[in-house]
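First the structure, in the form of structure tokens, and then the observations on it.
The values are calculated or read from the model by the stated rules, or taken from the named source; none is laboratory data. Here the structure is a predicted model, which means the values were calculated and not measured. Note: ideal-geometry Cβ built from the backbone for every residue, glycine included; neighbour counts use all protein chains shown. Note: accessible area is taken over every heavy atom of the protein model, side chains too, but ligands, DNA and RNA are not part of it. Shrake-Rupley method; radii C 1.70, N 1.55, O 1.52, S 1.80 Å.
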Amino acid sequence: MTDDTLIAIKPEIAATARVTAERRAAMVQAAASDPDGFWRQEASRIAWMKTPTKIKNTDFTGDVSIKWFEDGELNASVSCLDRHLEAGRGDQVAILWEGDDPNADSKTTYAELHAQVCRVANALRALGVKKGDRVCIYLPMIVEAAVAMLACARIGAVHSIVFGGFSPDSLASRIQDSECSVLLTADEGRRGGRKVPLKANADEALKTCPSIRHVLVVRNTGTQVAMQEGRDLWWHEAAEAQPATCEPERMNAEDPLFILYTSGSTGKPKGVLHTTGGYMVWASFTHELVFDYRPGEIYWCTADVGWVTGHTYIVYGPLANGATTLMFEGVPNYPDSGRMWQVVDKHQVNIFYTAPTAIRALMREGEGPVKKHSRKSLRVLGSVGEPINPEAWLWYYRVVGDERCPIVDTWWQTETGGILISPLPGAVAQKPGSATLPLPGVFPALVDGDGKVLEGATEGNLVITDSWPGQMRSIYGDHARFAQTYFSTFPGKYFTGDGARRDADGYWWITGRVDDVINVAGHRMGTAEVESALVAHPKVAEAAVVGMPHDIKGQGIYAYVTLVAGEEPTEALRKELVAWVRKEIGPIATPDAIQWAPGLPKTRSGKIMRRILRKIAANETDSLGDTSTLADPAVVTELVENRVS
Ligand code: PRX
């Protein structure tokens, strides 16, 4: 795809768009020249108990301090619920739930959601949960997951959601890190016709989590589960006993709203901390602008609430904007690969937001399953989580959207709270494969390895030079690590960990991670985590993990494993190691390839040369580069010869 393939703004979208090209230009200008004035006005999109008078107070140097709206007071659940009731929208559907089983669905109105949230909030208070306490949520994609989040917000508890696909060990380490006192889970989850044993996993995890005093269990599939006397309670029993109103806690704008663990290039996942005021403004602002959301529209984001996309664009953003948000329990290819479009037609979805990996998987099935369904209701299509290749972009545009729907390729991260770089449907012409332009108030730049800012059409490390309201505030319990991880590589700038290219039109093209993080099917995975899972196996002496190109998943996991002396590399052991990693971390970390490595390429000082390992995994063995600095260059020849294809 060339840099100048432009998909023009659709006149019919621009005619009624929330933001036109002129309006966007004015917003970009205002946010740059008068950030306080601009964000003071945008803050009014959420409900405040005390309107903030101080707007921006941020410093990317030294200890790093980020504060927005710091004297404001609010409760996130009031913005998402109460004020819609006050505006007479209580009977509007807030959550449209579509089950894994195509015959299962439900509608929850704003009034019903409010009542459910209040009951669970009261139940949590009755269990002794107070403002500032951490509550872990390990739930499938059922309405109770959104209820759980908003119930925590209502009483000022900080939620920490752990994706239902994570293993007991991964769940335990996240609970331990933030010392959660209550866990919210379900008997089982459903996905693609299979059951996920959430309560059994939780019981296993809780053997090493002394901070957990109580577990609330949703009866979802109805299977028999063990209930520990004094610790475990049924969600419905605890909630039914409570009144349907609950006084919301007054929160300062900078009080924490949630923690979400994410992988970095080193060590254990870090607890990304988001606070209340700035995050809510950002969630509402970006949801409205990027999707050109209009009142009354049906909006569907296919993510899981276990990831940040689910936080911001299934729950907080759409509910703050009074939208009807569709929550989908299932997967794109169950019962067949037309499921997405069947759901679109069934619920008359207007805005559809998914990941490139899903698009590529569906593309492989051909146009048939798409064309079987009308999709006439669709107006805007979105993409998130990883770079979308132009071929998949064009398929999405032509086949799914019938060349009628603009595509918003949205670049952002767990750390950024919401979208930073994306087209706006009525304001920015698109280029297949490019996230296009930053939103108003977002200041990206490219720097070289020494931190020198690069101008014009060029490629480099992607940094953001000034703060935006949705930015993460800290790493839970380790502010020094926050400053070190994000602000020390290029002092005074937020480093994203991504590389990017800017073309002659000033459009941004994200090229992928430049650190040791890989992106597998839109899920972020630290290679160090997979390595430590592998070396925890008694037969493994050493392991090095890199990403490799994968047609559907974007990147796959390629592991080089050195066995302890005397162990035989057998097919049975390979299978055992794959199963071991799945058990240690979860199925999303399943290695795609394991290569037995009698030795790893190391420098004389003992550092593994990952550049070479990446090249071998990608089968680019004719461009290995300089291997002369290796302690033993013969190692490379051996690895190339025995590459796993
Ligand atoms: O590498 C970028 C990629 O996903 C990373 C963030 O992952 P996570 O925190 O899990 O959040 C995913 C959902 C926002 C980024 O550093 N990424 C995300 N969106 C895009 C992307 N890469 C290219 N284009 C995107 N639209």
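Restricting to region 461-496, give me the number of residues that are within 24 Å of A32 (Cα to Cα) and within 15 Å of the ligand (Cβ to nearest atom).
Taking region 461-496 first, the residues within 24 Å of A32 (Cα to Cα) are 461-473, 486-487, 490-496.
Pick out the ones that are also within 15 Å of the ligand (Cβ to nearest atom) and you get 461-464, 468, 470-472, 486, 494-496.
The total comes to 12.
Just need a number here: residues in region 343-353 that are open to solvent by 10 Å² or more (accessible area, probe 1.4 Å) and either on the phi > 0 side of the Ramachandran plot or not basic (K, R) (or both).
Of the residues in region 343-353, the ones open to solvent by 10 Å² or more (accessible area, probe 1.4 Å) are 345-348, 350.
This time we only want the ones that are either on the phi > 0 side of the Ramachandran plot or not basic (K, R) (or both), so: 345, 347-348, 350.
Here the count works out to 4.
When G556 is evaluated against the numbered criteria (1) within 25 Å of I388 (Cα to Cα); (2) within 14 Å of the ligand (Cβ to nearest atom); (3) open to solvent by less than 50 Å² (accessible area, probe 1.4 Å), which criterion, by number, is the only one it fails?
(2)
Here are V546, V535, V564: which of them is within 16 Å of the ligand (Cβ to nearest atom) and touching a strand residue (DSSP E or B) at 6+ places or on another chain (Cβ under 6 Å)?
On the way: V535 fails: within 16 Å of the ligand (Cβ to nearest atom); V564 fails: within 16 Å of the ligand (Cβ to nearest atom).
Every option except V546 fails the conditions.
Quick one: which of Q92, Q41, Q116 is touching a residue at least 24 places away in the same chain (Cβ under 8 Å), farther than 22 Å from C152 by Cβ and open to solvent by 30 Å² or more (accessible area, probe 1.4 Å)?
Details: Q41 fails: touching a residue at least 24 places away in the same chain (Cβ under 8 Å); Q116 fails: farther than 22 Å from C152 by Cβ.
After ruling out the rest, the residue left standing is Q92.
Here are the criteria: (1) under 21 Å from V514 (Cβ atoms); (2) of a type in the set (G, A, S); (3) in contact with a Phe, Trp or Tyr (Cβ under 8 Å, 6 or more places away or on another chain). Tell me which single one G554 does not satisfy.
It fails just one condition, (3).
Assuming G456 fulfils every condition listed in (1) open to solvent by 20 Å² or more (accessible area, probe 1.4 Å); (2) within 16 Å of the ligand (Cβ to nearest atom) apart from one, which condition is it?
(2)
From the list L326, L362, which one is within 24 Å of T221 (Cα to Cα) and either open to solvent by 40 Å² or more (accessible area, probe 1.4 Å) or more than 16 Å from the ligand (Cβ to nearest atom) (or both)? Steps first, answer last, please.
On the way: L362 fails: within 24 Å of T221 (Cα to Cα).
Result of the check over L326, L362: L326.
Does R231 meet the test of being open to solvent by 20 Å² or more (accessible area, probe 1.4 Å), away from the ligand (no atom under 16 Å from the Cβ) and touching a Lys or Arg at 6+ places or on another chain (Cβ under 8 Å)?
On the way: open to solvent by 20 Å² or more (accessible area, probe 1.4 Å): yes; away from the ligand (no atom under 16 Å from the Cβ): yes; touching a Lys or Arg at 6+ places or on another chain (Cβ under 8 Å): yes.
Against the criterion (open to solvent by 20 Å² or more (accessible area, probe 1.4 Å), away from the ligand (no atom under 16 Å from the Cβ) and touching a Lys or Arg at 6+ places or on another chain (Cβ under 8 Å)), R231 qualifies.
How many residues are open to solvent by 10 Å² or more (accessible area, probe 1.4 Å) and within 15 Å of the ligand (Cβ to nearest atom) when one looks only at region 421-437?
Number of matching residues: 2.
Do any residues in region 59-71 that are free of Cβ contacts under 8 Å to residues at least 60 places away in the same chain have Cβ atoms under 9 Å from those of residues that are assigned to a loop (DSSP other than H, G, I, E, B), where the two are at least six apart or on different chains, and which pairs are they?
D59/S467; S65/R473
Looking at I612, I585, I616, can you tell me which residue is surrounded by 19 or more Cβ atoms within 10 Å (Cβ to Cβ) and closer than 23 Å to P168 by Cβ? Before the answer, list the steps.
Numbers: I612 fails: closer than 23 Å to P168 by Cβ; I616 fails: closer than 23 Å to P168 by Cβ.
Just one listed residue meets the conditions, I585.
For region 247-261, give me each residue that is open to solvent by 10 Å² or more (accessible area, probe 1.4 Å) and either within 16 Å of the ligand (Cβ to nearest atom) or not in a strand (DSSP E or B) (or both).
Scanning region 247-261 gives E247, P248, E249, R250, E254, D255, Y261.
With the condition kept exactly as written, say whether any residue in region 337-359 is closer than 22 Å to G192 by Cα, hydroxyl-bearing (S, T, Y) and more than 16 Å from the ligand (Cβ to nearest atom).
Applying the first criterion (closer than 22 Å to G192 by Cα) to region 337-359 yields 337-347, 349, 352-359.
Then keep just the ones that are hydroxyl-bearing (S, T, Y); that gives 337, 353-354, 357.
Among the residues that remain, those that are also more than 16 Å from the ligand (Cβ to nearest atom) are: 337.
Yes, that holds for at least one residue.
Looking only at region 372-415, how many residues end up being touching a Leu at 6+ places or on another chain (Cβ under 6 Å), in a loop (DSSP other than H, G, I, E, B) and open to solvent by less than 10 Å² (accessible area, probe 1.4 Å)?
Qualifying residue count, region 372-415: 2.
Within region 212-219, is even one residue under 28 Å from G526 (Cβ atoms) and not basic (K, R)? Steps first, answer last, please.
In the first step, residues of region 212-219 are kept if they are under 28 Å from G526 (Cβ atoms); the result is 212.
When the remaining residues are screened for being not basic (K, R), the result is 212.
Yes.
Going through region 303-332 one residue at a time, which ones are of a type in the set (S, T, N, Q) and in contact with a helix residue (DSSP H, G or I) (Cβ under 7 Å, 6 or more places away or on another chain)? Full working, then the answer.
Filtering region 303-332 for residues of a type in the set (S, T, N, Q) gives 309, 312, 321, 324-325.
T312, N321, T325 - these are the residues of region 303-332 that are of a type in the set (S, T, N, Q) and in contact with a helix residue (DSSP H, G or I) (Cβ under 7 Å, 6 or more places away or on another chain).
Please go through region 378-420 and pick out each residue that is near the ligand (Cβ under 7 Å from one of its atoms) and charged (D, E, K, R).
Pass one, region 378-420, residues near the ligand (Cβ under 7 Å from one of its atoms): 383-388, 409-415.
Answer for region 378-420, where residues must be near the ligand (Cβ under 7 Å from one of its atoms) and charged (D, E, K, R): E386, D409, E415.
Pick from V272, V315, V281: which is outside any helix (DSSP H, G or I) and either among the aliphatic types (A, V, I, L, M) or free of Cβ contacts under 8 Å to residues at least 24 places away in the same chain (or both)? Before you say what the answer is, go through the steps one by one.
On the way: V315 fails: outside any helix (DSSP H, G or I); V281 fails: outside any helix (DSSP H, G or I).
Only one candidate passes the filter, namely V272.
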